[in-house]
Amino acid sequence: MALLIIAFSVGFFGSMHCIGMCGGLVSALSMTRPKVWWSGLSAYQFGRVTTYTMLGVISGLIGFSLKQLGSFDQIQLFLTLFAGLIMITFGLNLAGWMPDPFARLGARAIGGLGLVRRIRSAAGKGTPVSWYAIGLANGLLPCGLVYAALGLSVASGGVVEAGSAMLAFGLGTIPAMMAAPALVNLLAANRRSLVMKLLGILVILLGLFTMVRGTSLMHMLHGGGAGHDAATHE
């Protein structure tokens, strides 16, 4: 449950950043029609969530395989610290205190996946299925938030846990993404900057909490293991 809450929170608080990249695509989709087509936008969102969940299942399989090899505690600690560090980096970018390290990679991925062409095609077809397909491709865009969530998913060591975590992460991003067209127009530059700073601080705190929680769990596991060994020896 703690993993699900963290994953959802990462998606929810960090999704305002997505308006810069993914939100631009959402706005482009919206502008292909005279008014917001909620069925199409919903299909697009759930396409993204589908991809995230599939990535979660894959990461869970990787985590489960690593767990069978033994010494998974060290891997869990590394992945948890990695996820927390990515969150902190992402939060600093969200607050405007450092550049986005994935910006260029994301722009190249948009071109490589042909999302602009797919958007034009979807506009021509105007069916939820075509918008769902765009969402599936959009879920593959390079994003620090996704990498952090995937790190936590692998660290879970279970397929169901990892898939559920990425599902929770994807659902957490939906509110901001659904409101992206309106938010882009409503938030004035100064107000948007303040909101981004507050959200950035929340994501940084979430990253720190993730790192501290992971370290504490490792200490508890090792402490419990040592106590158990001592009791058995006696």
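The values are calculated or read from the model by the stated rules, or taken from the named source; none is laboratory data. Not measured: the values here are computed from a predicted model. Cβ placement follows ideal geometry from the backbone for every residue including glycine, while neighbour counts extend to all protein chains displayed. Note: areas computed on protein heavy atoms with side chains; ligands, DNA, RNA excluded. Shrake-Rupley method; radii C 1.70, N 1.55, O 1.52, S 1.80 Å.
In terms of accessible area, using a 1.4 Å probe and ignoring ligands and nucleic acids, Trp131, Trp38 rank largest first as Trp38, Trp131.
Ordering Phe209, Phe72 by accessible surface, largest first, gives Phe209, Phe72; the 1.4 Å probe counts only protein heavy atoms, with every chain in place. The simple spin-label model puts a point 7 Å past each Cα toward its Cβ; for Trp38 and Ala179 those points are separated by 1.5 nm.
Tyr147 contributes about 80 Å² of solvent-accessible surface, heavy atoms of the protein only, 1.4 Å probe. Ordered from largest to smallest accessible area (heavy atoms of protein chains, 1.4 Å probe), the residues Lys197, Lys67 come out as Lys67, Lys197.
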